[in-house]
Amino acid sequence: MPFLKRFPTSSRAGGADAGTTTLFDVAPGTGVGMTATGDIVYVSGAGLSVYTLAELLRSAGALEGMELDINPTWVSFMTYSANAANPVPTKLWGFQQPANRYLLPSDRDFVSVYVR
């Protein structure tokens, strides 16, 4: 079974292969994974292939991993305060989108992880 479970579409415009990502295409890459102890790991880079992204996740200890968005306009990773009534978002680093983007109505997809 491949380390990365899913290969999302790229932002490449036009052509018969538009919307595909191959193992060695290079693009802004982000990924998230989980270690054997349940820790969440996140990796990102300005120009990563799917293969390099998987290797970075694996070297960070991830046993399961997933590529996230490869369009730098939409890449983000936020954490939230434990106050459920008034969660305060914090960006992992200087993403283009605002920290509160997931607290506002949107038609964009996203992945969330919750503490049990």
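The values are calculated or read from the model by the stated rules, or taken from the named source; none is laboratory data. Only a predicted model underlies this, so the values are computations on that prediction, with no experimental measurement involved. Neighbour counts run over all protein chains shown; Cβ positions are idealised from the backbone, glycine included.
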Got a sec? Which of GLY65, GLY61, GLY38 is within 21 Å of TYR114 (Cα to Cα) and touching a residue at least 60 places away in the same chain (Cβ under 8 Å)? GLY65
So, restricting to strands (runs of 3 or more DSSP E) that lie completely within the range 44-116, which ones have at least 2 residues that are in contact with a His (Cβ under 6 Å, 6 or more places away or on another chain) and under 24 Å from ASP25 (Cβ atoms)? none
Of all the residues that make up the range 68-86, how many are within 15 Å of ASP109 (Cα to Cα) and free of Cβ contacts under 8 Å to residues at least 24 places away in the same chain? 0
Given the options LEU92, LEU53, name the one that is at pLDDT below 90 and either assigned by TED's automatic domain parsing to the domain that holds GLY38 or at positive phi (or both). LEU53
Could you please find all residues in the range 97-116 being under 21 Å from ALA46 (Cα atoms) and modelled with pLDDT of 85 or more? GLN97, PRO98, ALA99
Please enumerate the residues belonging to the range 55-74 that are closer than 25 Å to ARG101 by Cβ and among the hydroxyl-bearing types (Ser, Thr, Tyr). THR73
Within the range 56-89, how many residues turn out to be farther than 11 Å from TYR42 by Cβ, at pLDDT 85 or above and of a type in the set (Val, Ile, Thr)? 1
